[in-house]
């Protein structure tokens, strides 16, 4: 591991101090696999990353490696803490063969059980409640798991290509999106498709529900068509969209007015929802910025991407 | 791509690092992974999309290494990489097992992943050299080894035969062997093998001569260089030639080819000889030539009025104006380069200035790009709309750069500059920069790039312009282009006679881009004068001009010929009765006759000739329809007038043979017709028999083709 601190002058007049941690140059020969997802522990003291290397646990803000856990599959794609903050779900799989979800106890990191029913990798999660988890898979399905019975409660079929993103709306509806360019709203209870929204013109990479939206639920989606679109999915309305200079791979809301987008040019962009504009573009990753995670309290975020890079950046 | 891929690996010795562009992409091409029927298709396959034949290695790198969280390459456990497991069919693969564990391709792929799956480009490919480029076999199954050497920008050369994909144009005629890689022609003829390494494609010509030895070609007359080249090719193939046709037949042929009409029949004594050059000169100087070649160019330039709500309208006056302008250029012997320049740079009111109508033929700048390059470069650039052309040099930048030039125009009755017009480049999502195909980008402040385009296109050294038009002129006389289709010039579709094509183009340029000059050169050659009847040994030849190709008459020419022979005119739209079909100034003029005969609707450039044996509906019309039957028996028709003039059946038969076929019936035909038109029968039956005879004359192959 190679730690270092840098000062970096960002576009405009703002000068920020970045704490940078370049991970994974363990070998001078082989390139490190990309960081595919990041998650902060509920108390904000720990950052967890996943990649083909497995899980890595870092102290925050120091980014000191504290623990490594081997991957349970060839590829790990997603991480998510349960609402009660006592479980960590990790998704992944062996490409074109199977997909699975590993549940760990937090903070002990004790493995609890694995869930597997997919024919391809699990790439995204959404918790419905403490005991129910939605897993999106490249096998074109969403599966609603009951963790108490460790069984699949519902399978949502309808996407014509891999499902890459999911979130849960308060009323009990589930939203998914995927490579078929559609955003779909499902009834969590019946598993029926309620509506499908098709304004994206290329595959969709990510969904993020706005945490404190007033009125109807609000979500954002990021797509290969370089747009981030904002929706009121309960009424099937696309409210507005912003076209970025570079393709966004992952998004995370900062607050109800701004969100972060990690992009394939390695920059993380701050998108203003109300003005549908990019207010800042922050150089972060040498390569693709696959994952962004907002720290719960200290005003910083983490960006991860190509070559195993992880950066801490103050907002 | 927003960010460049990682640079060369500093940790790995340059010569040990697997080169993504020069080592790996060729493997994908050789295995067929990036072919159009597999992951190279526009939408990819199985969610995995590669650029067609590796045309965009940077995008392929992203697809393989970076997309889907990098799951296709496993840097921790290379042997678990999907990019290896799929082609090795360790996991289910629609394309089957294309990688074998112990082959060198698998080794290279695995080594690349082990090295970190980096985008390494050790050196840039400059060109590839194929040996042999041309192989004349001693006979069927004669084998030749194939070798491909890549030349790089650092001076290094490398044998890349094993990384080269060889594809025979006719897979049944060529056998490609492996270890060592060889080619065998399994059938007599000229065969093309396409060698593809990386982005380079090189054609290999493999000639398997006939078994029968041919002599006498040396003594064949060679009025000009056309025959030198045609006979040299025939000599290689050991193909015999058909004899030169007689003067009457020559006159019919050249009249139909250059004027679009049958010549008047003149009896010639056995001793008299036609001055063929004088005949050609006379035709080329005639108004009929201007009329006919205006029709040909009108078809090429898609001149017709139109007003559908889904199309850019073309006013009838604009269509006629463009037609008349073209006729004026031909009449005044204006060089083709100047004609092209005026068309390309035309602006203004289309009803006032004909050439501006060029910009109402199609709906948008991209279609204009396809249209213009097909017409003036003989090149189908449209593949490059979506991806770099897999079989040619054209890139998306070329296509969209040219479309950007045309996007600066409004398309309506008045063609004018539109400063805010642009063409979005699909690869970048931004307005494409104006660019000369295969050349430079134009300065960003260029308001109208058409001047630069026209200058480049009509430059004496332009490699496309002159060849494209002389190839079309060649086809109009010889029935088949030296490059066929005539709008598909590319390295992988080589000319049957490349030297001849070059010489014709150079000669055309040297003579001021004079269409008449090139037509005369071709028409004066012995090759043009050959009989269409094959001789023993050249029956199967359809591309080397050992005998003339039988050309179906163009619909307009056939319509006029029928009118001339029957002595009854057809009315076209609102034109006055007697207006000839080849003189119509608007391709959209209503005419059931022309539709029945297969008229091209000019939504394309009418480059495909109507089939000699037309579709069923056309045949039924000819058998039963009014086009012939009513006119054969018309009271003002030629047959009725001859009968009224009390001509004998024999005299009537002679008249129709002379007017339709430019010859007199031979003894066998006279014998058969005498029995058919039985003078002992009542007059009504004789008349019916004569009508049947006339019908057979105007529907026989000898009449409906130029042969």
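The values are calculated or read from the model by the stated rules, or taken from the named source; none is laboratory data. Every value quoted in this text rests on a predicted model; they were computed, and no experiment measured them. Backbone-built Cβ (ideal geometry, glycine too); neighbour counts: all protein chains shown.
From the residues in the stretch B:546-567 that are assigned to a loop (DSSP other than H, G, I, E, B) and touching a strand residue (DSSP E or B) at 6+ places or on another chain (Cβ under 7 Å), which one is nearest to residue B:594 (Cα to Cα)? Here the residue is B:553.
Looking only at the stretch B:41-50, decide whether some residue is more than 14 Å from chain A (Cβ to nearest Cβ), surrounded by 18 or more Cβ atoms within 10 Å (Cβ to Cβ) and within 37 Å of the chain's Cα centre (by Cα). Checking the stretch B:41-50: at least one residue is more than 14 Å from chain A (Cβ to nearest Cβ), surrounded by 18 or more Cβ atoms within 10 Å (Cβ to Cβ) and within 37 Å of the chain's Cα centre (by Cα). Considering only the stretch B:668-676, I want to know if a residue exists there that is in a loop (DSSP other than H, G, I, E, B) and without any contact (Cβ under 8 Å) to a residue 40 or more places away in the chain. Within the stretch B:668-676, not a single residue is in a loop (DSSP other than H, G, I, E, B) and without any contact (Cβ under 8 Å) to a residue 40 or more places away in the chain.
If you go through the stretch A:268-307 and pick out every residue that is surrounded by fewer than 24 Cβ atoms within 10 Å (Cβ to Cβ) and within 12 Å of another protein chain (Cβ to nearest Cβ), you end up with 5.
Just one of the numbered conditions (1) under 22 Å from the mean Cα position of the chain (by Cα); (2) closer than 30 Å to residue B:547 by Cβ; (3) not in a helix (DSSP H, G or I) is not true of residue B:292: (3). Which residues, counting only those in the stretch B:458-477, are surrounded by fewer than 21 Cβ atoms within 10 Å (Cβ to Cβ), in contact with a helix residue (DSSP H, G or I) (Cβ under 7 Å, 6 or more places away or on another chain) and not in a helix (DSSP H, G or I)? B:460, B:462, B:464, listed by residue number. Exactly one residue out of A:147, A:133, A:142 is over 24 Å from residue A:250 (Cβ atoms) and buried (at least 19 other Cβ atoms within 10 Å of the Cβ), and it is A:147. Among the residues of the stretch B:508-542, those that are within 24 Å of residue B:278 (Cα to Cα) and free of Cβ contacts under 8 Å to residues at least 24 places away in the same chain comprise B:510, B:511, B:517. When the stretch A:256-267 is limited to residues that are more than 17 Å from the chain's Cα centre (by Cα) and surrounded by fewer than 19 Cβ atoms within 10 Å (Cβ to Cβ), the one that is nearest to the other protein chains (Cβ to nearest Cβ) turns out to be A:257.
With respect to the conditions (1) surrounded by 22 or more Cβ atoms within 10 Å (Cβ to Cβ); (2) out of contact with any helix residue (DSSP H, G or I) (no Cβ under 6 Å at 6 or more places or on another chain), residue B:38 lacks only one, and its number is (1). Determine if the stretch A:213-223 includes at least one residue that is within 14 Å of another protein chain (Cβ to nearest Cβ), in a loop (DSSP other than H, G, I, E, B) and modelled with pLDDT under 95. No, the stretch A:213-223 contains no residue that is within 14 Å of another protein chain (Cβ to nearest Cβ), in a loop (DSSP other than H, G, I, E, B) and modelled with pLDDT under 95.
Scanning the stretch B:180-207 for residues that are within 23 Å of residue B:483 (Cα to Cα), in a strand (DSSP E or B) and touching a helix residue (DSSP H, G or I) at 6+ places or on another chain (Cβ under 8 Å) yields B:189, B:190, B:196, B:207. Checking each residue in the stretch B:136-193 for being closer than 18 Å to residue B:540 by Cα, surrounded by 13 or more Cβ atoms within 10 Å (Cβ to Cβ) and over 26 Å from the mean Cα position of the chain (by Cα) picks out B:140, B:186. Within the stretch A:237-250, does at least one residue satisfy the condition of being away from chain B (no Cβ under 14 Å), farther than 16 Å from residue B:69 by Cα and in contact (Cβ under 8 Å) with a residue 60 or more places away in the chain? The answer is no, given that none of the residues of the stretch A:237-250 is away from chain B (no Cβ under 14 Å), farther than 16 Å from residue B:69 by Cα and in contact (Cβ under 8 Å) with a residue 60 or more places away in the chain. Of the residues making up the stretch B:53-81, those that are in contact (Cβ under 8 Å) with a residue 24 or more places away in the chain, within 18 Å of residue B:120 (Cα to Cα), within 44 Å of the chain's Cα centre (by Cα) and not in a loop (DSSP other than H, G, I, E, B) are B:54, B:57, B:58, B:59, B:60, B:61, B:62, B:64, B:65. Can you tell me which residue in the stretch B:85-105 is surrounded by the fewest Cβ atoms within 10 Å (Cβ to Cβ), limited to those that are within 11 Å of chain A (Cβ to nearest Cβ) and under 15 Å from residue B:28 (Cβ atoms)? Step by step, filter the stretch B:85-105, then rank; the result is B:93.
With respect to residue B:236, determine if the residue is surrounded by fewer than 20 Cβ atoms within 10 Å (Cβ to Cβ), in contact with a strand residue (DSSP E or B) (Cβ under 6 Å, 6 or more places away or on another chain) and assigned to a helix (DSSP H, G or I). In short, yes. The set of residues in the stretch B:158-184 being touching a residue at least 24 places away in the same chain (Cβ under 8 Å) and within 19 Å of residue B:497 (Cβ to Cβ) consists of B:169 alone.
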